[in-house]
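Reading through the structure tokens given below for one structure.
Each value in this text was obtained by applying a stated rule to the coordinates, not by laboratory testing. Owing to the predicted nature of the structure, the values given are computational and were not obtained by experimental measurement.
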Amino acid sequence: MSKKITFWLLAVSMFCLLAGCQGKEEKTREYINKGNTFSVTVPGEWKITETNNEDHLVLDNEDQSLSILIQRFPQEGLEEEDGSGLEDFMTAYKSQVIPDLAAAGPESEGDAALEEMKHAREEEYKMTQSGKVFKAYILYVESDVAYYSVAVTGTRESYDPDIDKLKTAVKTLREL
């Protein structure tokens with residue numbers, strides 16, 4: 001009988017030791033825009049900044065050193081105005097929304113993949129303002145019905161440690 005008790009105590013102790021040594025997974029939360037047309041799931045707690053545009057979702061971390069801005073642009077009508085396709089959307093977005101950043105040129109760029117989306121491209125930018133370095137990751141996405149711009153921006157000190165997990169998180173963008 002005492003061998004059984006010793007075995008179970010040893011087994012429970014090993015389980016507790018192994019469970020305690022494993023890293024804790026950061027909790028995630030799904031955020032939905034006002035218009036109920038898209039969502040994104042990101043780690044940690046973010047504050048929603050209210051806007052009047054139901055096709056936008058703005059999230060800020062606790063000290064506002066990192067922000068996520070997602071904008072949805074319905075395709076209807078854009079074809080006549082800006083051409084069609086993701087590349088044309090990106091060109092229009094850069095010239096109308098981020099001309100100064102776009103003029104500086106991206107530090108890196110490439111294709112990205114998101115489930116249930118037609119095409120996606122990603123770019124990273126770096127900009128110095130008043131002696132402070134700011135960084136931006138911009139994801140451009142095309143679905144069957146809309147284009148999206150997803151921007152993660154922040155100071156270098158906040159951006160660099162968290163950007164890899166945030167790049168993965170914003171790629172959870174999905175239409176509802």
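Normalised Debye scattering of region 26-175 at q = 0.12 Å⁻¹ gives log10 I(q)/I(0) of -0.48, counting only Cα atoms as equal scatterers and leaving out solvent. Remark: relative contact order (region 26-175) = 24 percent; criterion is Cα-Cα distance under 8 angstrom and separation of 6 or more residues. What the phi angles of region 62-71 give under the Karplus curve with 6.51, -1.76 and 1.60, with θ = phi - 60°, is a coupling list of 4, 9, 6, 8, 9, 9, 10, 10, 10, 10 Hz, glycine and proline written as x. Phi-derived couplings, Karplus 6.51 cos²θ - 1.76 cosθ + 1.60 at θ = phi - 60°, listed residue by residue for region 140-150: 9, 10, 10, 10, 6, 10, 8, 10, 10, 10, 10 Hz, with x used for Gly and Pro.
Less than 5 angstrom separates the built amide H of LYS34 from those of HIS56, all sequence-distant by 5 or more or on a different chain.
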